[in-house]
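Chemist: This structure is in structure tokens; I'll ask about it shortly.
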Amino acid sequence: MSTKVRLWRWRRSPLRRRSDVLEAWIGLLTAIFVVLGAPAVGWATGLVADSALERTVRAQHTERTLVPATVLKAGPREISETDPDSGHVQEERRTAVARWTAPNGTSVTGTVHIPVDKGKGDTVRLWTDRQGRVVPPPLDSMTASTHAVLAGMGASLGAGVLLLVGRQLLLWQLMRRRLAEWEREWEAAGQDWGRAGAA
């Protein structure tokens, strides 16, 4: 019974309107694009993002070097981040002055963040660029792949939402046209239509 109700727009019927057929086609095409098109968009986006991120990983590993640094002076402990709900310390660190040798051979002294268990005279390892400036660690392949997967999933979800919003807008326009059609037909039928004894 429910299948018959869903498929009535496809059958020939004197009650079926052009807008009913359009609505059925819009529903079918939307379903096809949501099932096939949105995942394809996500897959393509994920591949493009993965390729770009892997190039970034290779470039960062080429440009950044892990060098040993000697702590000259260690500052007090700092709380860098605290969970506002529980109040638990997320990370503790301390600022220190350290000396290291840059990949180009020059000696560099600067302020860096070190683990809390390190102090004066200890050796820490820092990521630097070719000039010896401290930089964040390079992106690793696993993180890059995770970002690519998330980008693909986001693109797929976004494509699906856009398709459904587009379908809804089209159906809204169809309904406006259908109501205008009914209004014209009621006016054409006249006010006496259906009244018993009308001349």
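The values are calculated or read from the model by the stated rules, or taken from the named source; none is laboratory data. Because the structure is a prediction, the values reported are computed rather than measured. Cβ coordinates were reconstructed from backbone atoms using ideal geometry, including for glycine residues, and neighbour counts include every protein chain displayed. Surface accessibility is based on the protein's heavy atoms, side chains included, excluding ligands, DNA and RNA. Shrake-Rupley method; radii C 1.70, N 1.55, O 1.52, S 1.80 Å.
Chemist: Any chance you could run the full-extension gain for Leu72 through Asp20? It's 0.36 nm times the residue separation minus the Cα-Cα distance, nm to one decimal. Show your work: numbers first, answer last.
Modeler: Details: separation 52, 0.36 × 52 = 18.72 nm, distance 7.95 nm.
Gain on stretching Leu72 to Asp20: 10.8 nm.
Chemist: Place a point 7 Å from the Cα of Thr143 along the Cα-to-Cβ direction; which residues of the range 59-74 have their backbone N under 12 Å from it?
Modeler: Residues 60-61 fall inside that zone.
Chemist: What accessible area, in Å² to the nearest ten, does a 1.4 Å probe give for Val112?
Modeler: Number for this one is 10 Å².
Chemist: Using a Förster distance of 22 Å, how high is the FRET efficiency between Glu54 and Trp127, based on the Cβ-Cβ distance and rounded to 0.05? Don't skip to the end; give the middle numbers.
Modeler: On the way: r = 19 Å, r/R0 = 0.87.
Using R0 = 22 Å, I get an efficiency of 0.70.
Chemist: Keeping all protein chains in place, calculate the accessible area per residue for the range 86-175 (probe 1.4 angstrom), answer in Å².
Modeler: Details: 5660 Å² over 90 residues.
Per residue, the range 86-175 has an accessible area of 63 Å².
Chemist: Pick out, from Gln168, Met153, Ala189, the residue whose Cα sits farthest towards the positive end of the charge dipole of the range 151-193, with +1 on the Cβ of Lys and Arg and -1 on the Cβ of Asp and Glu.
Modeler: Projecting each Cα onto the dipole axis, the largest value belongs to Met153.
Chemist: Return one quarter of the surface area of the convex hull spanned by the alpha-carbon atoms of the range 91-152, equal to its mean projected area, in nm².
Modeler: On the way: hull surface 23.3 nm².
If you wrap the Cα atoms of the range 91-152 in a convex hull and average its projections, you get 5.8 nm².
Chemist: How long is the gain from Thr95 to Leu150 if the chain were fully straight, where each residue apart is worth 0.36 nm and the alpha carbon distance is subtracted? Let's see the in-between values first.
Modeler: Values: separation 55, 0.36 × 55 = 19.80 nm, distance 3.45 nm.
Result for the pair: 16.4 nm of gain on full extension.
Chemist: Another question, if that's okay. At a Förster radius of 25 Å, what calculated FRET efficiency corresponds to the Cβ-Cβ distance of Leu170 and Val35, to the nearest 0.05?
Modeler: Working: r = 18 Å, r/R0 = 0.73.
About 0.85, to the nearest 0.05.
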